[in-house]
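So the structure is just underneath, and the comments pick up after that.
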Amino acid sequence: MPRRRIVEDSSDEEPSQSQPASQLSQSQGGGEISDQDKKVLAGNVCNYFLVSDCKKIPAKRSDIVKSVLKDHGRHFKEVMAEANRIMERVYGYKVVELEKKNQFIMINTLMMNNQDDDNLLLAPTSNSEVANIGLVTAILAGIFMSGQVMQEGPMREYLKKLGIDIDSREEHPTFGNVTRYIHQDLVRQQYLQITLNKDVEPPSNEYRWGERAHKELSKKDILELVCKVYGNQTRPEDWVAQWKIVKKEEKES
């Protein structure tokens, strides 16, 4: 789900054109790196993130070193700090490390600070992306309203109410192979966390928000969206359990 790219008028902050790491100055030596080389490498890392984020798959440190930094891998931390500064000031993104160390995703900071109920997950660029965003938002809303975890049976019934049968062998006209999209793509993109509960018979899946969902979405905005679905007479405070979670997270942040 591609994001809206926002560029500020700040020419001195624009990342440099991609330049092979092997062509950078070697004059510093001794484990040091010049400011110019650091900026070039950071620009290359920014370009790497912008391309890789199109698939919403976390970028691994090993891949960044192998593809971008090469022999300059020992400067990873300082180059990443510079790249993060550029991403946030120029593009409105923030690079964050996942709990599974050495994996990184981009978060749209401007969207986080200015969320729109009709576009909670970022600006779509095609009708299929509009549909995908709607499905992901609906799934995450269902999980949140179910106490932040949804069992496999209720998830199956919930999706059926949305016109989606994950047990069907036929591809959905809009979403294609829905089972693969939910259980593989959304998990890989960190929107969903799916775990197998072996303490029940038969064992079944449990669905929770993934790390990207926690970082990109506001539970308050999700709750307000649910209230809109139920009508103008419903207020977020009417959902007592969910409202407590919202207020708790607001205090923690």
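The values are calculated or read from the model by the stated rules, or taken from the named source; none is laboratory data. All values reported here derive from a predicted model rather than from experimental measurement. Positions of Cβ are generated from backbone atoms using ideal geometry, with glycine treated the same way; all protein chains shown enter the neighbour counts. To get the accessible areas, we keep the full protein, side chains included, count just its heavy atoms, and leave off ligands, DNA and RNA. Shrake-Rupley method; radii C 1.70, N 1.55, O 1.52, S 1.80 Å.
With respect to residue 184, determine if the residue is open to solvent by less than 50 Å² (accessible area, probe 1.4 Å), polar (S, T, N, Q), over 20 Å from residue 145 (Cβ atoms) and within 24 Å of the chain's Cα centre (by Cα).
Judged against the criteria, residue 184 is not a match.
From the list 215, 161, the one residue that fits, being open to solvent by 20 Å² or more (accessible area, probe 1.4 Å), within 20 Å of residue 57 (Cα to Cα) and modelled with pLDDT under 90, is 215.
The rows are residues; the columns are (1) surrounded by 12 or more Cβ atoms within 10 Å (Cβ to Cβ); (2) modelled with pLDDT of 90 or more; (3) in contact with a helix residue (DSSP H, G or I) (Cβ under 6 Å, 6 or more places away or on another chain); (4) closer than 24 Å to residue 191 by Cβ.
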| position | (1), (2), (3), (4) |
| --- | --- |
| 4 | yes, no, no, yes |
| 15 | yes, no, yes, no |
| 20 | no, no, no, no |
| 54 | no, no, no, yes |
| 80 | yes, yes, no, yes |
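The residue that is surrounded by the fewest Cβ atoms within 10 Å (Cβ to Cβ), among those in segment 170-180 that are out of contact with any His (no Cβ under 9 Å at 6 or more places or on another chain) and either of a type in the set (Phe, Trp, Tyr) or within 21 Å of residue 151 (Cβ to Cβ) (or both), is 180.
Of all residues being open to solvent by 30 Å² or more (accessible area, probe 1.4 Å) and of a type outside the set (D, E, K, R) in segment 198-212, which is farthest from residue 242 (Cα to Cα)? Just the residue, please. The extreme case among them is 202. Do we find that residue 191 is open to solvent by less than 70 Å² (accessible area, probe 1.4 Å) and touching a helix residue (DSSP H, G or I) at 6+ places or on another chain (Cβ under 7 Å) in this structure? Against the criterion (open to solvent by less than 70 Å² (accessible area, probe 1.4 Å) and touching a helix residue (DSSP H, G or I) at 6+ places or on another chain (Cβ under 7 Å)), residue 191 qualifies.
Residues that are modelled with pLDDT of 55 or more and surrounded by fewer than 16 Cβ atoms within 10 Å (Cβ to Cβ) within segment 26-46 comprise 31, 32, 34, 35, 36, listed in sequence order.
Inclusion of residue 76 among residues that are modelled with pLDDT of 90 or more and outside any helix (DSSP H, G or I) is not warranted.
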